[in-house]
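Note sheet for the following structure.
Every number in this text was worked out from the coordinates using simple rules, so none of it is lab data. Only a predicted model underlies this, so the values are computations on that prediction, with no experimental measurement involved. In this analysis, Cβ positions are derived from the backbone assuming ideal geometry, glycine residues included, and neighbour counts consider all displayed protein chains.
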Amino acid sequence: MNIAIVTDSTADLPQELIEKYSIRVMHNFIIIDGKEYEDNVDITREEFYERLPQMAKSPTTATASSGSYQDLYEEIFRKGYNHIISIHPPSLLSGIHNAASVAAEAFRGRVHVIDSGSISMGMGLQVLQAAEAAAKGMHVKEILEFLVDVKRRVRLFAMLDTLEFIRRSGRVSWARARIGTLLSVKPFIELRDGKVLSLGQVRTRMKGIRHLIELYGSQGVVEKLAILHTNAESEARNFLEAIGVSTNLPPFLVNVTTIIGTHVGPNALGFTLIKSE
């Protein structure tokens, strides 16, 4: 059974894996002062994070239309695929899942749209698992059941450098309510089932990194891992060295997409993983 895997650019997948598994990636856009940029094409992530704190007006984001997803699905089916598994960010945080779902209605059950419940490589690792399963010849029903289990085992934690950008996004109610008390601290968040949860805060970045190391150590046996950062590569590498990982796949090191970074701001640091069964 020919099964195609589709996702979008918020998955943060390395290009070599996209090519290896023929994963189709729909691109999203960041809008700065009225000008639209395709992430990592028209503007690098490094340039975006350097400019972000000085921007007078917060950037906005835009997703591809349902029509664009329908065109992509049609193109894939013309190439001889029988089914499509399309994996996207949480419907609670983004309109991407809805755009894909509307497009899928035209294909009578042949397009299976998945809410990953996560972002960045928290979603990307699920896409990778699906692509590996499809490459092994698993049937679509088996892959969908497998993804339910994978999603259950995904964890994502991060330390933000400031609450300001997540407050600006307007998508997290507790961030709006607590801005007056959290401007001078480093907030911790967890993304769980599509919801951004507050895990408290620390006063200094050094304490925050120690806490991240402790969080990682509490996760048990790890199957796959990605270290996430927003223009904090040196700290990300130091963090990776400090945790001394042992997984069946070398950890990914990801400078997170601008689409997510506009909401979390520069100098965020975190990790996402799939726990072993």
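Observations
- In degrees, nearest ten, helix 66-78 long axis to first principal axis of the chain (Cα): 40
- Counting lysine pairs in the chain that sit 8 or more residues apart in sequence, or on different chains, and whose Cα atoms lie under 22 Å apart gives 18.
- Per-residue Cβ neighbour rank within 10 angstrom, fewest leading, Thr60, Thr7: Thr60, Thr7
- Point-charge dipole on Cβ atoms (K/R +1, D/E -1) for segment 181-264, about Cα centre, debye to 20: 280
- Of interest is the spacing of the C-alpha centroids, which for segment 80-112 and segment 24-67 amounts to 23 Å.
- The equivalent ellipsoid of the chain has semi-axes of 31, 22, 16 Å, largest first, where each one is the square root of 5 times an eigenvalue of the Cα gyration tensor.
- MRE, 222 nm, helices only [DSSP H, n ≥ 4, -39500 (n - 2.57), over the chain, to nearest 500]: -11500 deg cm²/dmol
- The magnitude of the dipole of the chain, with charges of +1 and -1 set on the Cβ of Lys/Arg and Asp/Glu and taken from the Cα centre, is near 900 debye.
- Given charges at Cβ of Lys, Arg, Asp, Glu: the chain dipole, positive-most of Ala4, Val41, Val140: Val140
- Between helix 140-152 and the chain: long-axis angle, C-alpha atoms, 0 to 90°, nearest 10: 10
- Sorting the segments 77-83, 51-57, 192-198, 23-29 by their residues' average number of neighbouring beta-carbon atoms within 10 angstrom, most packed first, yields 23-29, 192-198, 77-83, 51-57.
- The chain - share of DSSP beta bridges that are antiparallel (%, nearest 5): 65
- Shape of segment 4-79, Cα gyration tensor, a/c cut at 1.5: oblate
- The angle separating the long axis of helix 205-217 from the principal Cα axis of greatest extent in the chain is about 40 degrees.
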